[in-house]
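These notes are about the structure you will find just below.
The values are calculated or read from the model by the stated rules, or taken from the named source; none is laboratory data. Note that the structure is a prediction, hence the values are computed from the model and not measured. No Cβ is skipped: glycine too gets one built from the backbone with ideal geometry, and neighbour counts run over all protein chains shown.
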Amino acid sequence: MTDQTPPECENIEPVPLGEALSERYLAYAMSTIMSRSLPDVRDGLKPVHRRLMYAMRLLRLDPDAGFKKCARIVGDVMGKFHPHGDTAIYDALVRLAQDFAVRYPLVEGQGNFGNVDGDNAAAMRYTEARLTEVAERLLEGIDEDTVDFQTTYDGEEREPLVLPAAFPNLLANGAAGIAVGMATNIPPHNASELCLALEMLIKRPSSSVADLMAHVPGPDFPTGGVLAEDRENIIAAYETGRGSLRLRARWEREEAGRGTYQIVVHELPYQVQKGKLVEKIATLINDKKLPALADVRDESAEDVRLVLEPRARTIDADALMEQLFRQTDLEVKFGMNMNALDATRTPRVMNLKEMLQAFLDHRLVVLERRTRHRLAKIADRLEVLGGYLIAFLNLDEVIHIIRTQDRPKQALMDRFELTERQAQAILDMRLRQLRKLEEIEIRKEHDALTAEQSDLNDLMADEKRRWKTIRTQIVELRKWLDSKPDLGLRRTSFADAPSEELAQAADEILIEREPLTVICSEKGWIRAARGHIAADSDLKFKEGDQGRFVIHAQTTDKLLLLSTDGRVYTLPCDRLPGGRGHGEPVRLMIDLPNEHDIVDLFVHQPGRKRLIASDAGRGFVFAENDVLASTKNGKQVLNLGSGEEAFGAVEVTGDSVAVIGENRKLLVFGLDELPEMSRGKGVMLQRYKDGGMKDVKCFARDEGLTWTSPNGRQMREDDLMGYTGKRASAGRIAPRGFNRSGRF
């Protein structure tokens, strides 16, 4: 038997599976990137949006024309240009008409096009649409050979590869899309500000991103809101094309009488659905995760109005809103990723300047192509007019040739050296055009077109003049935008990032304020008992352990713990173990190394300052606010030398510092001699020949230096002349009656 290959298998070539998958997946990826998900940097449109604009123009849906059914528009787009589902096309059309989704709508809708609550638009058979004036500017000059065209998917029509775009649409309206292996998320901006930046870039091409941001300070979202971000972060995002921006709702405090108030939210962050937001807040209230909030009401009509009622009038409105920002979509993070297709159809992430420059380069190409198209039209018309003028100058002879010759066209061409186009135009001329008045009109038109041709030739020869023309167009666009307050005025404002103090206040309103006593033993076992217990109460500890710190605090307070390595840790009082039993080791709550121990433990008081010192006599003043830490690692405050340990951190009061060493020498000096730092080694407080520091205290000189004797008696020294000196002096022996322990 002979092997015979089936006819259907004759053209099959063996290909490795990996290579075949790679080739096909790459083709799919490139199709998704270039023909679906990423916008073009020149007109800011994806193919579906561009096809919608072009199809609506062919349907003559101009801003001053009547509306047409959206079903008619979707049918034309799907049948002629976009071979995808009607739902996807209609969804794209609806979004272009929603003023809460698009900063500068390209479609004007009539009917139900959805709302900010998240409700969908009505079916396409019920709604109607037409183009807006902004869309008209995107299409301006499309019939004047300003852009390239390609055949449609079925080869029967032609569609533009890009629109002429006399409006900076990509940055003005933004874009969002997910492709294969990449994505884009460009925020909308204020078009008037973009025009100012474009004018600046034309005038000074060397302008940096920071220079341009003097005119474009940041995004301008259609729903307004407040951009609560540091200026440095915003500039860094625009310089790299990537960043994360914090956008918050706009709210105000509204007095309700008798000392009560309510919070009214009247602008939501971009793309936040109001209905889902209200539902989320109500769920948090029911789950008791927002104890400071009593109720939420939606009183919105055409404008957004969400009313939030605090549970008590003593609750701070800023702290309450900070808590809401954390737990709800009243604050969102906008992940900026300025990825787009450049003029060569290559996807890349661009910064602000590159996107603006790409738009200007496109406008220059459009201007040059439009000028060449006009010059060709003028040349064609001048050719015809030139033939007409020759005919008028030789009218009798022309008439004689037409009446007597069998081939008048060729005869005219031979006699007057006319082109075929000129001869045909003369033959097609009507008899009534032979009147004298018509000759005058033709001469006027010829002269005007000749002057226009000369002017356009000068324009094509002078690049500076072309850029000046583009700048004039941009100035005209800016003036048009400024004449329409609903389009030109900025909607999104700016605010500083929330402070640590506000974040702390937001944490505290979630905690019910109750008194408690913090008990910490010698071996570092810590617990919190309810109420304020006297320090001399009978407290129980583990065998071999004893009490060390007994501190009165509130559940809303934070404890600061200083360890021997100079590090300060933060312990929220509401997270301490309960008072029953012996508590838990503090090392389970913080990352305190085994070789180090607790030196000091005290309640944090905002705005208070302390003097931190090492046992070698070095120290400085620090603010308690600067050492708060949100992690278990704490913050390094006092840098120590070899063999040194942190001694303690005493409260800064008065104007003087008293230091005593192990040698019982006392030194008093002014508090102003110490530096204030957030971290460092500090300066020498008292100098020792042998030993180290025994104790340190801050006091007011006019009140005298006091200390407590072992029997509880208060001692006082008013005469400090002999002990006063400069910082880092040795001092002199303490006065008679000073504690033998050497401590204050």
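Starting from residues that are assigned to a helix (DSSP H, G or I) and touching a residue at least 24 places away in the same chain (Cβ under 8 Å), keep the ones in segment 577-591 and report whichever is surrounded by the fewest Cβ atoms within 10 Å (Cβ to Cβ). Applying the filter and picking the extreme gives R587.
Checked against the criterion of being farther than 20 Å from H604 by Cα, touching a residue at least 12 places away in the same chain (Cβ under 8 Å) and surrounded by fewer than 16 Cβ atoms within 10 Å (Cβ to Cβ), segment 563-576 contains not a single residue that satisfies it. Restricting segment 524-560 to residues that are in contact with a helix residue (DSSP H, G or I) (Cβ under 7 Å, 6 or more places away or on another chain) and of a type in the set (A, V, I, L, M, F, W, C), the residue that is farthest from G619 (Cα to Cα) is A528. Taken as a whole, segment 337-353 holds at least one residue that is within 24 Å of D496 (Cα to Cα) and polar (S, T, N, Q). Taking E193, is it surrounded by fewer than 19 Cβ atoms within 10 Å (Cβ to Cβ), of a type in the set (D, E, K, R), touching a residue at least 12 places away in the same chain (Cβ under 8 Å) and farther than 24 Å from M321 by Cβ? Judged against the criteria, E193 is not a match.
Tell me, yes or no, whether segment 300-307 has at least one residue that is polar (S, T, N, Q), out of contact with any Ser or Thr (no Cβ under 9 Å at 6 or more places or on another chain) and in a loop (DSSP other than H, G, I, E, B).
Scanning segment 300-307, I find at least one residue that is polar (S, T, N, Q), out of contact with any Ser or Thr (no Cβ under 9 Å at 6 or more places or on another chain) and in a loop (DSSP other than H, G, I, E, B), so the answer is yes.
Residues satisfying the criterion are present in segment 336-350 (criterion: more than 22 Å from the chain's Cα centre (by Cα) and of a type in the set (D, E)). Under the condition of being aromatic (F, W, Y) and surrounded by 17 or more Cβ atoms within 10 Å (Cβ to Cβ), the residues counted in segment 450-497 number 2.
Check segment 128-144 and report whether any residue there is more than 30 Å from R369 (Cα to Cα) and either of a type outside the set (D, E, K, R) or at pLDDT 95 or above (or both). Yes.
Regarding V264, is this residue free of Cβ contacts under 8 Å to residues at least 60 places away in the same chain, touching a Phe, Trp or Tyr at 6+ places or on another chain (Cβ under 9 Å) and either among the β-branched types (V, I, T) or part of a helix (DSSP H, G or I) (or both)?
Judged against the criteria, V264 is a match.
Here is a list: R60, R95, R51. Which entry is assigned to a helix (DSSP H, G or I) and free of Cβ contacts under 8 Å to residues at least 40 places away in the same chain?
Answer to the selection: R95.
Considering only segment 440-471, how many residues are in a helix (DSSP H, G or I) and closer than 19 Å to V366 by Cα? Looking only at that region, the number is 18. Answer with yes or no whether I390 is surrounded by fewer than 17 Cβ atoms within 10 Å (Cβ to Cβ) and farther than 30 Å from T240 by Cα. Here the answer is no, as I390 does not meet what is asked.
Give the number of residues within segment 94-108 that are in contact with a helix residue (DSSP H, G or I) (Cβ under 7 Å, 6 or more places away or on another chain) and either surrounded by fewer than 23 Cβ atoms within 10 Å (Cβ to Cβ) or under 15 Å from R491 (Cβ atoms) (or both).
Final tally of qualifying residues: 6.
T708 fulfils the conditions (1) over 16 Å from V650 (Cβ atoms); (2) more than 56 Å from the chain's Cα centre (by Cα) except for a single criterion, (1).
Being basic (K, R) and either surrounded by 21 or more Cβ atoms within 10 Å (Cβ to Cβ) or in contact with an Asp or Glu (Cβ under 6 Å, 6 or more places away or on another chain) (or both) is the filter here, so list the residues in segment 294-328 that pass it.
R305
Among the residues of segment 445-459, some residue qualifies, meaning at least one is at pLDDT below 90 and either within 30 Å of A135 (Cα to Cα) or of a type in the set (D, E, K, R) (or both). The set of residues from segment 121-160 being among the aliphatic types (A, V, I, L, M) and either surrounded by fewer than 16 Cβ atoms within 10 Å (Cβ to Cβ) or farther than 27 Å from G66 by Cα (or both) comprises A122, A123, V147.
Considered as a group, the residues in segment 592-628 that are assigned to a helix (DSSP H, G or I) and of a type outside the set (A, V, I, L, M, F, W, C) include one that is nearest to M693 (Cα to Cα), and that residue is E624. For segment 30-75, a tally of residues being more than 30 Å from N339 (Cα to Cα) and of a type outside the set (G, A, S) returns 12.
Take the residues of segment 27-44 that are buried (at least 24 other Cβ atoms within 10 Å of the Cβ) and of a type in the set (D, E, K, R): which is nearest to N185 (Cα to Cα)? Selected residue: D40.
For segment 723-735, does any single residue satisfy the condition of being out of contact with any Cys (no Cβ under 8 Å at 6 or more places or on another chain), of a type in the set (A, V, I, L, M, F, W, C) and either exposed (fewer than 15 other Cβ atoms within 10 Å of the Cβ) or not assigned by TED's automatic domain parsing to the domain that holds G643 (or both)?
Kept after step one, since they are out of contact with any Cys (no Cβ under 8 Å at 6 or more places or on another chain), are these residues of segment 723-735: 723-735.
Cutting the leftovers down to of a type in the set (A, V, I, L, M, F, W, C) gives us 728, 730, 733-734.
Pick out the ones that are also either exposed (fewer than 15 other Cβ atoms within 10 Å of the Cβ) or not assigned by TED's automatic domain parsing to the domain that holds G643 (or both) and you get 730, 733.
Yes, segment 723-735 contains a residue that is out of contact with any Cys (no Cβ under 8 Å at 6 or more places or on another chain), of a type in the set (A, V, I, L, M, F, W, C) and either exposed (fewer than 15 other Cβ atoms within 10 Å of the Cβ) or not assigned by TED's automatic domain parsing to the domain that holds G643 (or both).
Do you know which residues across segment 157-168 are over 14 Å from P39 (Cβ atoms), of a type outside the set (A, V, I, L, M, F, W, C) and assigned to a loop (DSSP other than H, G, I, E, B)? Correct list: E157, P164.
Close contacts from segment 301-317, counting a first residue that is modelled with pLDDT of 85 or more and a second that is in a loop (DSSP other than H, G, I, E, B) and of a type in the set (V, I, T), with Cβ to Cβ under 9 Å and a gap of 6+ residues or different chains, come to V304/V116; V304/T223. Yes or no: A71 of a type outside the set (F, W, Y), part of a helix (DSSP H, G or I) and either at pLDDT 95 or above or loosely packed, with under 15 Cβ neighbours inside 10 Å (or both)? It is true that A71 is of a type outside the set (F, W, Y), part of a helix (DSSP H, G or I) and either at pLDDT 95 or above or loosely packed, with under 15 Cβ neighbours inside 10 Å (or both).
Got at least one residue in segment 282-299 being part of a loop (DSSP other than H, G, I, E, B), within 18 Å of R248 (Cα to Cα) and out of contact with any Ser or Thr (no Cβ under 7 Å at 6 or more places or on another chain)? There is no residue in segment 282-299 that is part of a loop (DSSP other than H, G, I, E, B), within 18 Å of R248 (Cα to Cα) and out of contact with any Ser or Thr (no Cβ under 7 Å at 6 or more places or on another chain).
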